[in-house]
1. For the Cα atoms of the chain, what angle does the longest principal axis make with the long axis of helix 114-137, in degrees from 0 to 90, nearest 10?
2. Report, by chain and number, residues whose modeled amide H sits under 5 Å from the one on LEU29, excluding near sequence neighbours (fewer than 5 apart, same chain).
3. Give me, ordered by chain and number, the residues 5 or more places off GLN220 or on other chains with an amide H under 5 Å from its own placed amide H.
4. Any idea how many Lys pairs in the chain come in under 19 angstrom at the alpha carbon, given 8 or more places apart or on separate chains?
5. Within the P(r) computed for the range 131-278, what percentage of the Cα pairs occupies the region above 18 Å?
6. Pull out a ≥ b ≥ c, the square roots of the eigenvalues of the alpha-carbon gyration tensor of the range 135-217, then state rounded if a/c is under 1.5, prolate if not and a/b is larger than b/c, and oblate in the remaining case.
7. Suppose we look only past 17 Å in the calculated P(r) of the range 122-169. What percent of the Cα-Cα pairs does that tail hold?
8. Largest first and in whole Å, give the semi-axes of the range 90-190's equivalent ellipsoid, each being the square root of 5 times a Cα gyration tensor eigenvalue.
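The values are calculated or read from the model by the stated rules, or taken from the named source; none is laboratory data. Keep in mind it's a predicted model, so treat the numbers as computed, not measured. Every residue, glycine among them, receives a Cβ derived from its backbone with ideal geometry; neighbour counts consider all protein chains shown. Side chains included, ligands, DNA and RNA excluded: accessible areas come from the protein's heavy atoms. Shrake-Rupley method; radii C 1.70, N 1.55, O 1.52, S 1.80 Å.
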Amino acid sequence: MPTLDLVQIVTGLILSSLIAWLAYRRVALTKSGVAGAILTGTAIFGFGGLDWGVLLIVFFVSSSLLTRYRESAKAQVAEQFAKGGPRDLQQALANGGMAALIALVYGLTGTASMPLLFAFVGAMAEANADTWATELGILSKETPRMITTRKPVAAGTSGGVTWDGTGAALAGAMLIGGLAALFRWLAGMPANTAAMLLPVAALAGTAGALADSLLGATVQGIYYCDACGKETERELHRCGNRTRLVRGWRALNNDWVNLIGTLVGAVVAGGLGALLVQ
């Protein structure tokens, strides 16, 4: 049985609690979101290590900043999203839960598994890629097209993609991959192995973000508000009226789609890590 590093776990709890409190003060998290951030942060810091925790911080800070970037310009489109503003428990677990689970397995097995390391980076790269694609893609002047049919759709439509949004997804994934490669190289990993984290994260993160869009276009529950004449991810629209399901599965909401997206990123990156690093 592996020996747990209790000092590292307690340190992870303290650091994640501090960061969550600061985020709550900055209105980036709800009260339930604080709990989610502490759960995921403790697992990632405590079982993965400091460099794993820094990748989580980079994702959270960059996504929070982009959410606030040109917020007024995105306000009308944001009405279609299931949630907006401060992140809650479900959002924290949807974006960081897969990475936290991988960190737990990595720490509890007592071995520095290369596929698990790559899988973690892939999950974080996808979470960052998807957020960047959403927050920057809806500002694009390009007309979004449905990923399945290529038909033009309104900005913010689930499953709608633009080249700008896809480019933002790639950039977000590359940021996580580049930092992961740097941290692993500084920790003593051979340079050629560490360098693989960048392209693998770029591919896995972008693939996961596109899978997210594909799910949004096909099986995610999408609703229509007859009072406003708008499509939305909400069962109860912001205007206060109940909406009706127009496509997809009611049980598959945006949080589940985000979680599946990170799973895709983790599987792609973990698989490539197992193939490329012998």
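1. 30 degrees
2. Distant-sequence amide H within range of LEU29: TYR24, ARG87.
3. The answer is TRP249.
4. Working: LYS31/LYS83; LYS74/LYS83; LYS74/LYS141; LYS74/LYS230; LYS83/LYS230; LYS141/LYS151; LYS151/LYS230.
So the count works out to 7.
5. Values: 6756 of 10878 pairs.
For the range 131-278, the share of Cα pairs beyond 18 Å comes to 62 percent.
6. prolate
7. Numbers: 311 of 1128 pairs.
Tail fraction, whole percent: 28.
8. In descending order, the three semi-axes are 32, 15, 10 Å.
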